[in-house]
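Novice: Let me give you the structure first, and then I'll get to my questions.
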């Protein structure tokens with residue numbers, strides 16, 4: 001009775017505070033962060049509605065999070081493993097959507113806002129009071145975060161309608177083959193033609209898309225559009241040109257991802273060897289057995305597989321032996337200091353040497369000058385991309401580029 005509320009079945013304030021102490025200690029060990037989110041209806045609600053609200057809130061969070069009945073009609077959530085305050089913003093919005101009644105939300109962050117569980121819950125209560133007094137749906141302890149969060153919520157609402165409104169775009173950054181000096185492909189990069197804010201770059205909206213669970217539909221659209229664009233290039237280019245599409249981990253984990261990709265190729269009548277999929281090291285490591293199965297399937301189709309940002313993640317070399325990948329992409333953080341940094345030069349040489357020993361193609365991104373290009377050419381890098389070759393351009397401009405227009 002002291003630990004679980006008999007009406008909702010949720011932890012009580014006492015158990016919540018105990019779990020908060022444990023979560024804060026774990027965050028300290030991992031040098032991580034967490035949020036305490038308090039949600040309260042704007043008016044008194046009957047017991048049945050309160051029990052239903054608790055059930056909905058419990059179903060809206062991850063298994064690693066905690067939902068409790070904090071006091072009266074106020075619910076509390078511990079959101080662990082917080083990547084950014086945006087994650088707390090969108091969970092708060094999700095809780096508001098799920099609670100089933102008009103409500104206010106107050107948010108406090110650890111370690112930014114407080115040092116102890118009592119301080120942290122107190123800051124969250126203060127934020128909840130601020131939301132009530134101002135008539136806002138939610139508020140952070142830090143008022144500057146509240147304003148930024150409100151902007152992001154509005155942007156998220158716009159993003160949900162962006163595909164249907166035909167506002168998404170793909171631009172293509174050319175890839176140059178160093179041995180021939182020929183443009184042999186391009187990386188598809190997403191853009192958002194926002195009706196109010198103009199052309200938005202990925203760093204403005206990708207994290208929002210991830211938090212709002214929009215990456216799968218956006219990724220599917222990007223894959224289909226890139227295949228259609230690449231199919232049109234085959235009619236204009238003298239030599240084969242490939243298109244590379246980034247795939248988010250959540251897309252790759254979809255049970256039918258291989259079928260989605262195969263349908264995109266068939267719908268565009270694009271040969272599979274004209275498509276490359278770029279995945280990060282972290283994607284490979286999330287579920288190695290499942291990933292290996294998907295990669296084998298893609299390899300059987302003839303699709304190229306590139307490990308993106310190589311060297312910045314896990315770099316578990318044992319998995320390169322198991323996964324049927326075709327290329328490694330050297331991250332721009334190693335390319336930028338070339339050729340003047342001995343340490344970065346050594347890392348790049350090592351990646352190129354590893355690629356050669358495994359019979360993999362190697363690509364360098366972020367090349368911006370002749371010195372970098374010449375260093376990479378001399379070391380045996382296969383392809384480069386970056387502003388030195390060209391910035392990302394709309395599909396029509398890239399088609400003209402490879403056609404000599």
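Just so you know, all these numbers are worked out from the coordinates, no wet-lab data involved. Computed from a prediction, not measured in an experiment: that's the story for all the values here. Every residue, glycine as well, gets a Cβ built from its backbone with ideal geometry; the counts of neighbours run over all protein chains shown.
Novice: Got a sec? Which residues in segment 25-42 would a label at residue 56 touch, if it sits 7 Å along Cα→Cβ and we count backbone N under 14 Å?
Specialist: 39-42
Novice: A follow-up question, please. Return 143, 357 ranked ascending by Cβ neighbour count within 10 Å, so the fewest neighbours appear first.
Specialist: 357, 143
Novice: Here's another thing I want to ask about it. Take 190, 215, 285, 199 and order them by how many other Cβ atoms sit within 10 Å, fewest up front.
Specialist: Lowest to highest Cβ neighbour count: 199, 285, 215, 190.
Novice: Using only Cα atoms, what is the ratio of the radius of gyration of segment 13-155 to 2.2 N^0.38 Å?
Specialist: Compared with the compact-globule rule of thumb, segment 13-155 sits at 0.95.
Novice: As an exercise, find the ratio Rg/Rh for segment 167-402 from alpha-carbon atoms, using the Kirkwood inverse-distance average for Rh.
Specialist: Ratio of gyration radius to Kirkwood radius: 0.94.
Novice: Could you tell me the relative contact order of segment 245-401? Use alpha-carbon pairs under 8 Å, at least six residues apart, and round to a whole percent.
Specialist: RCO, segment 245-401: 16 percent.
Novice: On a full-extension model of 0.36 nm per residue, what is the gain between residue 179 and residue 42, subtracting their alpha-carbon distance, rounded to one decimal in nm?
Specialist: Details: separation 137, 0.36 × 137 = 49.32 nm, distance 6.71 nm.
Length difference between fully extended and current span is 42.6 nm.
Novice: Further question: With 10 angstrom as the radius, rank 125, 239, 374 by how many other C-beta atoms surround their C-beta, starting from the fewest.
Specialist: Fewest to most other Cβ atoms nearby, the residues stand as 239, 374, 125.
Novice: Looking at the chain, send over the antiparallel percent of its DSSP beta bridges, to the nearest 5.
Specialist: Within the chain, antiparallel bridges account for around 60 percent of the total.
Novice: Follow-up. State, to one decimal in nm, how far the label point of residue 161 lies from the label point of residue 322, with both points 7 Å from Cα in the Cβ direction.
Specialist: If labels sit at residue 161 and residue 322, their model points lie 4.6 nm apart.
Novice: Any chance you could check the Cα centroid distance between segment 63-96 and segment 320-386 for me, in angstrom?
Specialist: 43 Å
Novice: For segment 282-405, what does the alpha-carbon gyration tensor say about shape, rounded, prolate or oblate, given a ≥ b ≥ c as the root eigenvalues, a/c under 1.5 as rounded, and a/b over b/c as prolate?
Specialist: Judged from the Cα gyration tensor, segment 282-405 comes out oblate (a/c at least 1.5, b/c at or above a/b).
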